[in-house]
């Protein structure tokens, strides 16, 4: 009987010892957090800015209607190559063409009148020269008659000349004076007539100029009924058909645009970059472009234009045009020139661009998900108190503000504990981020799970479990 109780007692003691050991083990593991870890390594890092948009030619012009009327001719079709100055469309122009022909006739009539007046002026000039010659002749005759008359007076005074001969000389002299006065009068009349003809010629010339100006005006009006290609390019859009009525000056109306001609020598991808990424984009940066309509092919390009105006994502309008201040997301336009676009590319195709904003060779990197944020107060050791409650002290606002300051860092695993360490970061890749300071190559850091990283305390005891699936994401 004694042996039986002794055996039972021994079993109870062993069971108690086993329970004690198990309880001690469980108690010692209380508060230990299972984490996944990774190493700080060196690798090549590429920072990409991804944005979507559409394919567009760098230079394209919408040819609008300059005159209202029926579209009588469309001389090209969509996809045709055109040369600068080529006639591409024509609006019915019966009335303006008739006005041009009428004004051409008016110009011809005015020019004929002007030519006639010019001929009359030349005749007047010849008449003036003739009258001047007659005056010169009369002047010579007058001088000769005066000499004869002066000699006759001397002879008659000395009674050497008969009175009859003296009267003859005097009559000849008076006749020469009268003839000269007559020619001078005719010269004055010829000069007055010439001035009248010159004034008439000037009037006809002004009439010609006025008629030519009116002709230029109606010719320009007629020219507006014809549409010409403003550049060498391809017809990429033809929204109207022959026989339709086009109307100029109606914004956002299909009837105001006849066609679009694009310069396909430079094709671009026009994308919208998020406002948080635009600071990383610079002119000349390389980009890889994928086009939805051309799968499994990547096209190379480079940034040639960066917009300065923010565009509201919801409306597509410039933020400066919005009457109400909006806190919604904004984008910026970035234009990427394609280095070698395909020959069959079409404007308007959807595309995605990955712009290489920065590269690092053999940079110190960690997984992006390892980064976390903590307040400084959570990283400080709690003050130990003895014998009761903390002494009542007035809180220091500056100290409280400092405690709430956020610090970026990672948890480094060493000796079974996770210690928070502040780090400075550089460029960001697809899954990794560059570390500028705070870590060394080979350091073991906590990389998962997300829930653990978000709630992990500084100096917490951890257990590394890199085999359990699902720790990377909570």
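Annotations for the structure displayed:
- Cβ-Cβ under 9 Å pairs, at least 6 apart or on other chains, the stretch 365-388 side under 26 Å from residue 427 (Cα atoms), far side in a loop (DSSP other than H, G, I, E, B) and at pLDDT below 80: 369/472; 369/473
- Within the stretch 272-292, the set of residues being surrounded by 13 or more Cβ atoms within 10 Å (Cβ to Cβ) and more than 19 Å from the chain's Cα centre (by Cα) comprises 277, 280, 286, 287, 288, 289, 290, 291.
Listed here are the residues, each with its yes/no results for (1) closer than 30 Å to residue 46 by Cα; (2) modelled with pLDDT of 90 or more.
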{"residue": "236", "(1), (2)": "no, no"}
{"residue": "256", "(1), (2)": "no, no"}
{"residue": "272", "(1), (2)": "yes, yes"}
{"residue": "328", "(1), (2)": "yes, no"}
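Here's the yes/no breakdown for (1) farther than 30 Å from residue 439 by Cβ; (2) assigned to a loop (DSSP other than H, G, I, E, B):
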residue	(1), (2)
34	no, no
38	no, no
44	no, no
50	no, no
53	yes, no
77	yes, yes
89	yes, no
98	yes, no
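- Of the strands (runs of 3 or more DSSP E) lying entirely inside the stretch 280-377, those containing at least 3 residues that are out of contact with any helix residue (DSSP H, G or I) (no Cβ under 7 Å at 6 or more places or on another chain) and within 30 Å of residue 233 (Cα to Cα) are 286-291, 294-312, 330-338, 350-367.
- Test for residue 207: is it more than 30 Å from residue 336 (Cα to Cα) and touching a helix residue (DSSP H, G or I) at 6+ places or on another chain (Cβ under 6 Å): yes
- Taking the numbered list (1) over 28 Å from residue 47 (Cβ atoms); (2) free of Cβ contacts under 8 Å to residues at least 12 places away in the same chain in turn, residue 295 passes all entries but (1).
- Test: residue in the stretch 78-98 that is in contact with a strand residue (DSSP E or B) (Cβ under 6 Å, 6 or more places away or on another chain) and surrounded by fewer than 13 Cβ atoms within 10 Å (Cβ to Cβ): yes
The values are calculated or read from the model by the stated rules, or taken from the named source; none is laboratory data. All values reported here derive from a predicted model rather than from experimental measurement. Every residue, glycine as well, gets a Cβ built from its backbone with ideal geometry; the counts of neighbours run over all protein chains shown.
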